[in-house]
Every structure is written in C-alpha cells, then in structure tokens.
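The values are calculated or read from the model by the stated rules, or taken from the named source; none is laboratory data. Not measured: the values here are computed from a predicted model. Backbone-built Cβ (ideal geometry, glycine too); neighbour counts: all protein chains shown.
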Amino acid sequence: MTPEDFPRRSPVYRRLVDAGATFVERYGAAAASTFPGDRSPPPPVGLADLSPLRRLGFKGRGAFAWLNAQGLAVPEANNRTARTGGILVLRLGDNEALVLDAVDTPDPRIESVMAAAAPAKVYPVPRADTHAWFLVTGPAAPELFATLCGVDLRPHRFDDGAIAQTSIARLPSVVAHDDRGGKPAYHVLADWASAHYLWDCLTEAMATFDGRLLGLADLAVAK
C-alpha cells in the first residue's frame with residue numbers, strides 16, 4: 001500500500017515515503033503507521049503526520065449549540081479544548097470551532113456530525129482541505145517549540161487543553177495542548193500549502209533532541 005493508491009494524500013506523503021514509512025488506510029487515504037528502526041524506548045520527542053484523519057470546522061452564531069446537540073462538548077471559553085470520547089473540539093473564537101477525529105480509533109460520532117445537515121446559522125468549513133495536521137509529543141516537545149515559537153508552551157504556562165493561535169517558524173498555526181499517557185503532546189494545524197516547509201522545520205528541530213518520526217501504531221502503543 002502506498003499513498004499513490006488513494007485519491008486523498010497527506011501533503012507530506014513524499015517525506016513519509018522517503019523516511020521508509022509503512023501505511024494503513026484511514027478514510028480513503030494512506031496514513032503512516034510505522035517507520036524503520038528500533039521503536040523502543042519512546043523518543044524524547046516524536047513527530048507524527050495526522051493529515052489523513054478527519055477534521056472539520058464550524059462557524060456561525062449557532063455553531064456551538066448545534067455541536068452540543070450533536071453530542072459533542074464545546075469548551076466554555078475561547079482557546080480551549082473539550083473532549084467527547086476520542087473526539088477533540090477546539091474553540092477558536094466566539095463563533096468558531098474545529099473538530100478533530102480520534103487519533104487511535106475512529107470515533108463514529110464524527111461520521112454523524114459530518115453527515116448531519118447544519119441549520120442556516122451554522123457554516124461547515126472543510127479544514128481537511130485547508131490545514132495539515134501534525135502531532136508533536138514527548139517530554140522534550142516544549143523545548144522543541146521554544147526553538148520555533150514565541151509562545152511559552154511549557155506545561156506550567158500552557159496547560160493541558162490550552163490553545164495558542166500563533167506562528168511556528170513564522171507560519172501561522174494553531175497549537176492545541178492534548179497530553180497523551182501523561183506526556184506532553186501538541187496538535188499543530190497549519191496551512192496545507194505550507195505543510196512541507198513546516199514539516200521540514202519540525203524534523204530539523206527534532207533532530208537536536210534525538211527525536212524520531214512516529215506512525216499511528218507508535219501512537220497507539222504510547223497512549
């Protein structure tokens with residue numbers, strides 16, 4: 001199985017192929033599952049491409065009430081996250097939310113939300129077509145971000161569930177703190193067209209901390 005076998009592909013799939021990734025199918029796209037080499041112990045920092053997974057934005061005055069009616073919890077404050085099962089809802093503003101699918105096992109609730117007909121005051125935004133999605137995880141993750149981002153993302157300053165709408169390597173990005181297994185983890189969403197640039201910046205910075213690329217299988221073990 002290769003990314004070329006599918007109509008949908010990650011914006012960085014060539015980087016993953018060059019790194020020796022094996023792939024699994026997720027939602028009609030090839031997602032990196034494993035990479036060559038010894039996978040234990042967990043690295044100080046790891047980088048995963050989650051771009052093949054589902055994500056969808058919603059805007060409008062009725063967006064939060066509608067999402068709550070679909071069974072998804074919306075945070076009470078801007079720039080916070082809320083979890084319903086495996087699904088993570090990011091509240092980006094007074095009338096804007098971003099819904100991320102579960103990383104480990106697809107959550108069927110996202111299917112119903114994506115299929116539901118939104119009322120006139122709710123506007124779906126196809127974030128899967130506009131934003132790449134990466135995950136940076138591991139105890140050295142905050143130190144990595146300190147080399148690329150002006151916001152202090154250390155856990156005592158940027159707690160679990162916090163969101164920063166900032167820039168990473170001078171690229172506008174959304175960063176959501178979402179710890180996994182008690183270890184720091186950060187979702188990073190940025191413009192699809194600039195995904196290669198951001199990926200290369202993250203992998204170059206990661207090398208300083210003896211980090212490595214992670215696939216979905218690695219994330220499932222490390223959860």
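Looking at VAL151, VAL175, can you tell me which residue is buried (at least 20 other Cβ atoms within 10 Å of the Cβ), touching a residue at least 24 places away in the same chain (Cβ under 8 Å) and of a type outside the set (Gly, Ala, Ser)?
Going through VAL151, VAL175 in turn, just one is buried (at least 20 other Cβ atoms within 10 Å of the Cβ), touching a residue at least 24 places away in the same chain (Cβ under 8 Å) and of a type outside the set (Gly, Ala, Ser): VAL175.
Among the residues of the stretch 96-117, count how many are under 14 Å from TRP66 (Cα atoms) and of a type in the set (Asp, Glu).
1
Restricting attention to the stretch 60-96, and to residues there that are among the basic types (Lys, Arg) and buried (at least 17 other Cβ atoms within 10 Å of the Cβ), which single residue is nearest to MET114 (Cα to Cα)?
ARG91
Going through the stretch 123-133 one residue at a time, which ones are among the β-branched types (Val, Ile, Thr) and either assigned to a strand (DSSP E or B) or crowded, with 20+ Cβ neighbours inside 10 Å (or both)?
Residue satisfying the conditions is VAL125 alone.
Just one of PRO52, PRO36, PRO42, PRO75 is in a loop (DSSP other than H, G, I, E, B), under 20 Å from LYS183 (Cβ atoms) and either modelled with pLDDT under 95 or within 18 Å of the chain's Cα centre (by Cα) (or both); which is it?
PRO42
Residues are listed down the side, and each one gets a yes or a no for (1) farther than 19 Å from TRP133 by Cβ; (2) in a strand (DSSP E or B); (3) under 18 Å from the mean Cα position of the chain (by Cα); (4) not aliphatic (A, V, I, L, M):
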| site | (1), (2), (3), (4) |
| --- | --- |
| ARG61 | yes, no, no, yes |
| PHE64 | yes, no, no, yes |
| ASN68 | yes, no, no, yes |
| ALA82 | no, yes, yes, no |
| LEU88 | no, yes, yes, no |
| LEU92 | no, yes, yes, no |
| VAL99 | no, yes, yes, no |
| THR105 | no, no, yes, yes |
| VAL113 | no, no, no, no |
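Which number in (1) within 21 Å of SER51 (Cβ to Cβ); (2) in contact with a strand residue (DSSP E or B) (Cβ under 6 Å, 6 or more places away or on another chain) marks the one condition that ALA82 misses?
(1)
Can you tell me which of ALA193, ALA205 is surrounded by fewer than 16 Cβ atoms within 10 Å (Cβ to Cβ) and assigned to a helix (DSSP H, G or I)?
Within the list ALA193, ALA205, the selection yields ALA193.
For TRP199, indicate whether it is within 15 Å of LEU50 (Cβ to Cβ), out of contact with any strand residue (DSSP E or B) (no Cβ under 6 Å at 6 or more places or on another chain) and at pLDDT 95 or above.
yes
Hey, can you tell me all the residues within the stretch 112-133 that are touching a Pro at 6+ places or on another chain (Cβ under 7 Å), at pLDDT below 85 and closer than 30 Å to TYR13 by Cα?
none
Checking GLU4 against (1) within 27 Å of GLY181 (Cα to Cα); (2) modelled with pLDDT under 95; (3) surrounded by fewer than 15 Cβ atoms within 10 Å (Cβ to Cβ), which single condition isn't satisfied?
For GLU4, the exception is condition (1).
VAL136 fails exactly one of the following numbered conditions: (1) touching a residue at least 40 places away in the same chain (Cβ under 8 Å); (2) assigned to a loop (DSSP other than H, G, I, E, B); (3) touching a strand residue (DSSP E or B) at 6+ places or on another chain (Cβ under 7 Å). What is the number of that condition?
All conditions pass for VAL136, except number (2).
In this structure, does SER10 turn out to be among the polar types (S, T, N, Q), surrounded by fewer than 19 Cβ atoms within 10 Å (Cβ to Cβ) and assigned to a loop (DSSP other than H, G, I, E, B)?
When the stated conditions are applied, SER10 does not pass them.
Inside the stretch 97-111, can you point out the residues that are buried (at least 16 other Cβ atoms within 10 Å of the Cβ) and touching a helix residue (DSSP H, G or I) at 6+ places or on another chain (Cβ under 7 Å)?
ALA97, LEU98, VAL99, ASP101, VAL103
Condition first: acidic (Asp, Glu), touching a residue at least 24 places away in the same chain (Cβ under 8 Å) and more than 30 Å from THR208 (Cβ to Cβ). Can you find one or more residues in the stretch 72-80 that meet it?
Looking for residues that are acidic (Asp, Glu), touching a residue at least 24 places away in the same chain (Cβ under 8 Å) and more than 30 Å from THR208 (Cβ to Cβ), one finds none in the stretch 72-80, hence no.
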